[in-house]
Structure formats: structure tokens, C-alpha cells
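Reviewing the structure listed below.
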Amino acid sequence: MESKRLTPDLSVAGQIFPADLVHIAQAGFRAVICNRPDGEGVDQPNFAEIEAAAHAAGLEAHDLPVVSGKISDENAAAFGVARATLPKPLLAYCRTGMRSATLWSFDEAARGRPLPEIVSTAKAAGYDLSGVVGRIAAGGRIRKVSADLFHSVVVIGGGAGGIAVAASLKARKPDLDIALIEPADVHYYQPGWTMVGGGIFSPAVTARTMASLIPTGVCWIKDAVAAFEPDRNTVILEGHQTVRYDRLSSRPV
């Protein structure tokens, strides 16, 4: 049995067997959470067998079965309660550990942990959460289908490239609905940094307020992008809003 640590209080694993519980206890775990429904696989021990072996090894056992790909808000909330109340450290398991890792990610999101940290922690443990980033960004809850905002063109990045793209499109088509996503209040003209390095300019010369540089008629969304959902033409902001678009231009510099 191989477990993957996600946080100090929680690790996840694939299917465990009654004989594993002694070793799980010896590894320092104090409770196990089963996230796999009974009868899902022919070689799978049922929860009653796991529970009996857990108790014999001095561990608590909690049954919270979820169907793969169908984790409800209630499932996620119940996982959070179990995680908060069971003795720690905990080991959560399912067939591969993916459902348990996904439940953990929703609980972490509900606790306010930033999406990039959640995704990178899971990735380091071998779990790809790219398919549920939208829900993680929404605090672990199932999001409504419609986006919060819509713009025909969304430009990401308020650097020289992003502002140039927005200005050029506006000049060609003044009635075009454009939004520029950029969290910073100050714009630094990066090509000028060469002159700063050469001692010709001071850093202050390259700085402008972002608001003064946003082209007229372009909507400035003062936030950062947390994730992309290209299949839905949607970007997810760190502030948990979603923005849908017809065309997207990413200009981080």
C-alpha cells in the first residue's frame, strides 16, 4: 500500500485491504476514510471488512462512498466534516486515490486555500486536477453553468503586449467589446528596463498607472486568472468570477 501525503493531516491512497490496516496504523495514521462504494470492483473488500480490520488495529474508520465523476456538494461538505472531526493524521482511499484527492481539493478550496497551491500540491502527489479547476476556483462547490461576465474579446495581461493588442483592436473596430484582465495597479514598460540596466533611465521612468494606459472603451478587469476552461471559452479569475469570451489573447508580458 502506497500513500501520497497532501497535507500534514491527510494522505490518500488507492484501494487498501484488511491486511494493510496494521501497517497503516504502524505508519502513524489514526483513522481511514473510505471513498469507494461497495461492489465497485470484483476484488474489492467491502467497508465492513475494512472497518473490522481498522478497529482491530486501533484505528477509526469512516465510510463516505462517492461515485467517480459525480461528487456532490453534499459529498464535499461531508468530507470536510469527517476531516475536521476524525483523529489525525487521516488516510483517505478509493480505487486509485483520485476521488479522495478531489474531495480534499474541494475542502481545501472551501477553507480558502488558493487554487494554484491546491493544484500544484495534488500534482506533486501524482494527481491531475485540471478537470475540476473550475469547481475548485468556485470554493469547491458546483458552479452554475452560465459565466458571470462575457466579452467578445478577452486580453490577459496588462503589459506592453496586452495593451498594444487591445488598443490595436479598438482602433480597427471601435465598437468591439474588449476586456483586459490585469491585477496590477502599476504598469512597467519592460523594453525600458534595458535602459535602466544601462544606467540611462531610472526605474521610476518606466512606471505608469495602469488605469491611465487602458485604451478608451476597453473594460479593465482588475483580477488575475486562476485557470482556463477552453472547452467552454471561459477563464476563471482568482476572485472566483468567470469570464466567457469569443476570442482570447494571452499576453502575460
Filter region 56-94 for residues that are at pLDDT below 95 and part of a loop (DSSP other than H, G, I, E, B) and give the result.
V67, S68, G69, K70, I71, S72
Taking region 11-23, which residues are under 16 Å from A92 (Cβ atoms) and either out of contact with any strand residue (DSSP E or B) (no Cβ under 6 Å at 6 or more places or on another chain) or among the charged types (D, E, K, R) (or both)?
G14, Q15, F17, D20, L21
Kindly list the number of the only condition in (1) farther than 23 Å from I136 by Cβ; (2) of a type in the set (D, E, K, R); (3) surrounded by fewer than 20 Cβ atoms within 10 Å (Cβ to Cβ) that fails for D20.
(3)
Name the single residue that is nearest to P8 (Cα to Cα) among those in region 41-70 being surrounded by fewer than 17 Cβ atoms within 10 Å (Cβ to Cβ) and in contact with a Cys (Cβ under 9 Å, 6 or more places away or on another chain).
P65
Of all residues in region 127-157, which are among the small types (G, A, S), in contact with a strand residue (DSSP E or B) (Cβ under 6 Å, 6 or more places away or on another chain) and not in a strand (DSSP E or B)?
G134, A137, A147
Residue, farthest from the chain's Cα centre (by Cα), within region 1-33, restricted to residues that are of a type in the set (D, E) and closer than 20 Å to S105 by Cα:
E2
Residue pairs within 6 Å by beta carbon, gap of at least six or interchain, first lying in region 33-46 and assigned by TED's automatic domain parsing to the domain that holds G80, second in a loop (DSSP other than H, G, I, E, B) and among the polar types (S, T, N, Q), listed first then second, are D38/N46
Where D73 falls short, out of the listed (1) under 30 Å from V243 (Cβ atoms); (2) crowded, with 17+ Cβ neighbours inside 10 Å
(2)
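The rows are residues; the columns are (1) at pLDDT below 80; (2) not in a strand (DSSP E or B).
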| residue | (1), (2) |
| --- | --- |
| W220 | no, no |
| D231 | no, yes |
| H240 | yes, yes |
| R247 | no, no |
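Rundown of residues vs (1) basic (K, R); (2) without any contact (Cβ under 8 Å) to a residue 24 or more places away in the chain; (3) not assigned by TED's automatic domain parsing to the domain that holds N46, yes/no style:
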| site | (1), (2), (3) |
| --- | --- |
| L86 | no, no, no |
| P89 | no, no, no |
| A92 | no, no, no |
| R99 | yes, no, no |
| A109 | no, no, no |
| R113 | yes, yes, no |
| P116 | no, no, no |
Filter region 95-118 for residues that are small (G, A, S) and part of a loop (DSSP other than H, G, I, E, B); the one that is modelled with the highest pLDDT is G97
Of all residues in region 82-125, count the ones that are of a type in the set (F, W, Y) and over 17 Å from N35 (Cβ atoms).
0
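The values are calculated or read from the model by the stated rules, or taken from the named source; none is laboratory data. Small disclaimer: the values here were computed from a predicted structure and weren't measured. As a convention, Cβ positions derive from the backbone with ideal geometry for all residues, glycine included, and neighbour counts pool all protein chains shown.
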